[in-house]
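Take a look at the structure below.
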Amino acid sequence: MSGRHESWFEDEAGPLVRSYAVTGGRTRSDTIGLDLITLVVAMRSAHEVAGFEPEYGRILTLCQRPTSVAEVAARIDLPLPVVKVLLSDLIEQNLVLFRTATPVTDTPNKHVLQAVLDGIRKL
């Protein structure tokens, strides 16, 4: 072994194993179907829930108001797939609620579209 201290951390990349360790090796959570614009909101504060990993606590603290999945990932500085797994865990434990956007297959209300069009024409 060399005299140089070797670690599992790279200055530019950050920890090399962290995401894998945080999710317990899970890379997907297909059961809930979270996407970038799904809104999540915590049902409890991080102080009310003890014994969780720090990442779970950070998510609960951040989600005291409705927040998109994309914003959660950006603010806690973890990859989106990792955040989806962590959020899925919290949802399954009834600590976080989620609301998905209206499916794209639903046709928009014609009256609403006409009102928008009329408003644009008035400009």
Within segment 83-94, residues being open to solvent by 10 Å² or more (accessible area, probe 1.4 Å) and either more than 14 Å from residue 36 (Cβ to Cβ) or at pLDDT 95 or above (or both) number 5
Residue hits (segment 53-94; hydroxyl-bearing (Ser, Thr, Tyr), in contact with a helix residue (DSSP H, G or I) (Cβ under 9 Å, 6 or more places away or on another chain) and in a helix (DSSP H, G or I)) are 56
Being touching a strand residue (DSSP E or B) at 6+ places or on another chain (Cβ under 9 Å), free of Cβ contacts under 8 Å to residues at least 60 places away in the same chain and either crowded, with 16+ Cβ neighbours inside 10 Å or not in a loop (DSSP other than H, G, I, E, B) (or both) is the requirement here; does residue 97 meet it? yes
Residue 31 passes all but one of the listed conditions (1) part of a loop (DSSP other than H, G, I, E, B); (2) of a type in the set (Ser, Thr, Tyr); (3) at pLDDT 90 or above; the exception is number (3)
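The values are calculated or read from the model by the stated rules, or taken from the named source; none is laboratory data. Bear in mind the structure is a predicted one, so any value in this text is a computation, not a measurement. Here the Cβ is made from the backbone with ideal geometry for all residues, glycine too, and neighbour counts use every protein chain on show. Heavy atoms of the whole protein, side chains included, go into the accessibility calculation; ligands, DNA and RNA do not. Shrake-Rupley method; radii C 1.70, N 1.55, O 1.52, S 1.80 Å.
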